[in-house]
1. Name the shape class, rounded, prolate or oblate, that the alpha-carbon gyration tensor gives for region 106-211, where a ≥ b ≥ c are the square roots of its eigenvalues, rounded holds for a/c under 1.5, and otherwise prolate holds if a/b is larger than b/c and oblate otherwise.
2. What is the sum of charges around residue 160, taking Lys and Arg as +1, Asp and Glu as -1, for the other residues whose C-beta is under 14 Å from the C-beta of residue 160?
3. Need one word for region 157-212: rounded, prolate or oblate. Basis is the Cα gyration tensor (sqrt eigenvalues a ≥ b ≥ c); a/c below 1.5 gives rounded, then a/b vs b/c decides.
4. What is the magnitude of the charge dipole of region 106-211 about its Cα centre, with +1 placed on the Cβ of each Lys and Arg, -1 on the Cβ of each Asp and Glu, and no other charges, expressed in debye to the nearest 20?
5. Out of the DSSP beta bridges found with both residues in region 106-211, what percent are antiparallel (nearest 5)?
6. Quick check: from the Cα gyration tensor, does region 85-162 come out rounded (a/c under 1.5), prolate or oblate?
7. Once you list every other residue whose beta carbon is under 13 Å from the beta carbon of residue 180, what net charge do they have if Lys and Arg are +1 and Asp and Glu are -1?
Amino acid sequence: MTMVPVAIRDHPSRMGGPDECQSLVRVTETPARPDGPEPPGDDQNRQLTRVDGQLGWSVSLYNLRKYGACCVGPSEGGQSAGMPTPNKRSRKRAAQAEARAEAGERFRYGLLAVETLRTLDLQNMDLQVVDAEVFPSLDGSPEGMSGWLIFPDRAQAKTAARPTAAAQIVSRLRQALVAKGFPQHAVPSFELKFTSLPEIDKAGGRFAFFRG
């Protein structure tokens, strides 16, 4: 058994010199297999050893020599200084998941409206919906929203925009929105418009067309 001086950093604010933070810990070396091949490089560095320190954490002698004593002392939260902190990554993933859930909850009516528009069946009117665009309220309210039905060509968009056809499409959309759980009191305020893929392309793409 060998005694190795290791810098134990019990608090990140205490950054004393080596003489102030050294502590002796027990090192039990794992003997190399007498009949096996020699490990590459320095034998002593490649043989993993277990260091049982005063704080109950373990490292290898290879890491002690590679990074130095002050790089393996436990930092705040019990993690090794200079190494990634799993708890920090976990908190980041949890925050991202929470943000996505919050956005999904906030704009749930917008997402519901997009799904309803895209699945609106107008085949008996010789119209085919290929996509949709919805502008939800920034505060997440179902009132005052607007949406676009996108058709494959201009002829269908013009047909849908005719007063008789438009009134029929709006009536179907309102029924579909209510059936999917959209607040009934907000349905009359939903504004519907019509366009086509060629018109969007001519304007320079979706962003230029809808935000222009």
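Just so you know, all these numbers are worked out from the coordinates, no wet-lab data involved. Not measured: the values here are computed from a predicted model. Neighbour counts run over all protein chains shown; Cβ positions are idealised from the backbone, glycine included.
1. Working: a/c = 2.06, a/b = 1.26, b/c = 1.64.
Because a/c hits 1.5 or more and a/b fails to exceed b/c, region 106-211 counts as oblate.
2. Details: positive: 154, 158, 162, 172, 193; negative: 121, 126, 131, 153, 199.
Neighbour charge sum, excluding residue 160 itself: 0.
3. Numbers: a/c = 3.03, a/b = 1.68, b/c = 1.80.
Here region 157-212 falls in the oblate category.
4. On the way: 13 positive and 11 negative charges, 15 e Å.
Value, rounded to 20: 80 debye.
5. On the way: 5 of 11 bridges.
The antiparallel fraction comes to roughly 45 percent.
6. Because a/c hits 1.5 or more and a/b exceeds b/c, region 85-162 counts as prolate.
7. Values: positive: 108, 118, 172, 174; negative: 115.
The answer is +3.
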